[in-house]
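Take a look at the structure below.
None of the figures in this text is laboratory data; all of them are computed from the coordinates on show. Note that the structure is a prediction, hence the values are computed from the model and not measured. All Cβ positions, even for glycine, are placed from backbone atoms using ideal geometry, and neighbour counts span all protein chains on display.
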Amino acid sequence: MRLEYFQMLDRVVELNVESCSLVASARVPETSSVFEGHFPGHPLMPGVLLLETMAQAAGYLLLALDGFSRMPFFANAKEANFRAFVTPGSDLTVHATRIHDGAGYAVVDAHIVCDGKRVADARLTMRNVPFPNAALQQHVRREGARLGFLKEAL
Amino acid sequence: MASTFDTVARIISSTSDVPIEKITPDSHVMKDLEVDSLAFLDVTFQIDQTFGIRLPVEEWLQNVKGGYDGDRYFVLRNLCRHIDDVAGAAAPT
């Protein structure tokens, strides 16, 4: 994870096209300016960044399923729960499963596991639209390659 | 068995906090019921799930952008007719 760059995932470890699901790994950094404020003397991964982590897993799942042809934008979160503190240095496993493929949108159930325990979950709605420009598409494809699954997806 | 209109009215009311008595077959989902585009995604998801269909809302929105009259899709009686058409086409024969 590079929190300041909103780079929340480190690697896609499993992509299952048949079950429309993805598993990614993410290690919370030991140090970050984020922890200076959240919270002094008691550093915690902000829940909103855990939500973003799940949204990115959902986004890359949809990109993979659509062959990186459309851009998923995070539109809505329902029933978001943060069930345990996540501290610097934690190793996270992020799960995302598409439960509905609508026209121009998709609904994804996501959750995060840390030390065998579910620490966050949410139902996410992603709006799927044509890429607004080539630069974003290239960036997303580069990120797909960095995460180690673009080849498999295509 | 509830009519398509009754079912859709219940979905809109529960997902968008619109009083059910305000919803009529002549209501325009956006203009009259003030369901915004994000809330309409919720409505569409519930309709898709309830009727086991994939409502072609993306195509409809493109058509409206292209100059089509939105009433043909987003006035309740028309929306329900589209749902019945899509559900009928999707039903096993």
Members of segment A:70-102 found to be of a type in the set (Asp, Glu) and under 14 Å from A:Ser25 (Cα atoms), listed by number: A:Asp91
Looking only at segment B:51-93, which residues are of a type in the set (Val, Ile, Thr) and under 21 Å from B:Ala9 (Cβ atoms)? B:Ile53, B:Val57, B:Val75, B:Ile83, B:Val86
In segment A:69-82, what count of residues is obtained for those that are more than 17 Å from A:Gly104 (Cβ to Cβ) and either within 14 Å of another protein chain (Cβ to nearest Cβ) or in contact with a Leu (Cβ under 9 Å, 6 or more places away or on another chain) (or both)? 5
Filter segment A:123-141 for residues that are among the hydrophobic types (A, V, I, L, M, F, W, C) and out of contact with any helix residue (DSSP H, G or I) (no Cβ under 8 Å at 6 or more places or on another chain); which is farthest from the other protein chains (Cβ to nearest Cβ)? A:Ala135
Restricting segment B:32-48 to residues that are more than 7 Å from chain A (Cβ to nearest Cβ) and either in contact with a Phe, Trp or Tyr (Cβ under 9 Å, 6 or more places away or on another chain) or not charged (D, E, K, R) (or both), the one surrounded by the fewest Cβ atoms within 10 Å (Cβ to Cβ) turns out to be B:Ser37
Selected residue (criterion: farthest from the other protein chains (Cβ to nearest Cβ)) from residues of segment A:85-94 that are surrounded by 14 or more Cβ atoms within 10 Å (Cβ to Cβ) and of a type outside the set (Val, Ile, Thr): A:Pro88
